[in-house]
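For reference, the structure is listed below as structure tokens.
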Amino acid sequence: MAAPVFRPQFPPPIQRVIERLYAETIEQDPQARNAALAEGLRNEGQAGFYEAMTGARMPVTPEFGNLLYVMARASGARHVVEFGTSFGVSTLFLATALRDNGGGRIVSTELFPAKAERAEANLREAGLADLVEIRVGDALETLRHDIDEPIDLILLDAAKDLYLDVLRLMEPRLRTGGLVVSDRADLDGGDGGRAAAYIAYLAHVENGYRMANIATQALGQTFLHDIATRV
């Protein structure tokens, strides 16, 4: 399958890295996914899935990446927390928005050191590394300290069963009007309903959020996302 064609939206160094990562995803990620399938791991809600996919980029869809930029840019975001760096595709969109907002800091956390190294290299190539700090390890530990306040945007894009735990850890620092954005919380496989509990938490207005659901398309598939604002 040919690599998708992207309309130029960002300065050339950033656009080149984004396009390269999406082209590599199409070329290489299916091999890792087929290997995971052979082990009975079908989706991101299953225990062991991320370990099986350590060589895969697993990016947000291009449309959702552009939406991340728009949300961060329109909200004037300066302080962002990202759960799940992977190869840094979503980080690139968010860091570009922070640069266009005049600066700021993204604290991103990644469980696997090899992925964090690749993400750091991609951010350096795009000229955005100065806006991002990648922390390696368990997010419930790496995000416990030294987080700039107030948080303007939280992106949850890793193990679905930890979404609610990470949100609650960050919640005291999230400003009124701040955004909580999550990728594919519908993939609630094998985690005892923890991802469903996250959605239910956002949906109950007494918890202080208003939320919406959207879907994007890529390579013939539909990907669901959730967006909430703190009121």
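Rule-based calculations on the coordinates, nothing more; no lab input. All values reported here derive from a predicted model rather than from experimental measurement. Please note: Cβ atoms are built from the backbone with ideal geometry, for glycine as well, and neighbour counts cover all protein chains shown.
Using mean Cβ contacts within 10 Å as the protection proxy, how do 195-205, 147-157 order, highest first?
Numbers: 195-205: 17.3, 147-157: 21.2.
Those peptides, ordered most packed to least, come out 147-157, 195-205.
Which trypsin sites (Lys or Arg not before Pro) from region 125-231 combine a DSSP loop assignment with at most 15 other Cβ atoms within 10 Å?
R144
Full extension from V70 to L140: what is 0.36 nm times the residue separation minus their Cα-Cα distance, to one decimal in nm?
The span from V70 to L140 would gain 22.4 nm if fully extended.
Would you kindly state how much longer the chain becomes between E63 and R124 on full extension, computed as 0.36 nm times their sequence separation minus their alpha carbon distance, in nm to one decimal? Can you show the working numbers first?
On the way: separation 61, 0.36 × 61 = 21.96 nm, distance 2.32 nm.
Separation in residues times 0.36 nm, less the Cα-Cα distance, equals 19.6 nm.
Let me spell out the model: positive unit charges on the Cβ of Lys and Arg, negative unit charges on the Cβ of Asp and Glu, origin at the Cα centre of region 12-230. What dipole size does that give, in debye rounded to 20?
Computed about the Cα centre, the dipole is about 420 debye.
Using the Cα centre of region 12-230 as origin and beta-carbon charges of +1 (Lys, Arg) and -1 (Asp, Glu), tell me which of S75, V60, L164 is placed farthest towards the positive end of the dipole.
With unit charges placed on the Cβ atoms, the residue in question is S75.
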